[in-house]
């Protein structure tokens, strides 16, 4: 079947070109989230400023409606964000994808620090993050890996003037986005919209 072949090709590409970078990003992301959370927990004024900026960003993107999280708005926002993280990799030499990587690190670190310093606790934070995060975070990290891979591929081609097909790299990145990132974000959006709020309500006794 065509779709099976596409997933097979995607798997080969991921193992050969992205796996090591993906694992490095996973380790760095986890470590930096913990470190940023510890640091922000000790800087109350800075933490409050970050939290206000995060809340303003949510409001600007209209992620919430009267009934809670807006599923379609959340999904479209996430698809757009990861798409941009990949596409800015088409700008050579600067590796701009590292900017949304660090942005997400700060957001998670700040939210963790907020839950800890306000006494809500890390248990509630993990309940609020893990159900959808086990799908959304890998999707984000794959998109960051794709953006960095594209930037490296184009920079390599420009510097060494080798007959290296950047068009093929774009094709592979697009296939990973459609077959891996989009389904993960779709499932994560369903969980974040309908499951995570219920679990938080049970945990907090609301």
Residue 108, sole failed condition from (1) within 17 Å of residue 30 (Cα to Cα); (2) surrounded by fewer than 19 Cβ atoms within 10 Å (Cβ to Cβ): (2)
Return a yes/no flag: does the range 189-196 have any residue that is touching a residue at least 40 places away in the same chain (Cβ under 8 Å), farther than 19 Å from residue 63 by Cα and surrounded by 15 or more Cβ atoms within 10 Å (Cβ to Cβ). no
Quick one: residue 26 ticks every box in (1) surrounded by 13 or more Cβ atoms within 10 Å (Cβ to Cβ); (2) on the phi > 0 side of the Ramachandran plot bar one, so which box is it? (2)
Name every residue in the range 54-67 that is in contact with a helix residue (DSSP H, G or I) (Cβ under 9 Å, 6 or more places away or on another chain) and either modelled with pLDDT of 90 or more or not in a helix (DSSP H, G or I) (or both), in order of residue number. 62, 63, 64, 65
When the range 44-69 is examined, which residues are found to be exposed (fewer than 13 other Cβ atoms within 10 Å of the Cβ) and closer than 14 Å to residue 112 by Cα? 44
Criterion: at pLDDT 90 or above, in a helix (DSSP H, G or I) and within 21 Å of residue 118 (Cα to Cα) - qualifying residue of 31, 37, 11: 37
Name the one entry in 166, 102 that is touching a helix residue (DSSP H, G or I) at 6+ places or on another chain (Cβ under 9 Å), at pLDDT 95 or above and at negative phi. 102
For the range 155-176, which positions are crowded, with 20+ Cβ neighbours inside 10 Å and under 20 Å from the mean Cα position of the chain (by Cα)? 172, 173, 176
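The values are calculated or read from the model by the stated rules, or taken from the named source; none is laboratory data. It should be emphasised that the depicted structure is a prediction, and the values quoted were computed from it without experimental measurement. So basically every Cβ, Gly included, is an ideal-geometry build from the backbone, and we count neighbours across all protein chains shown.
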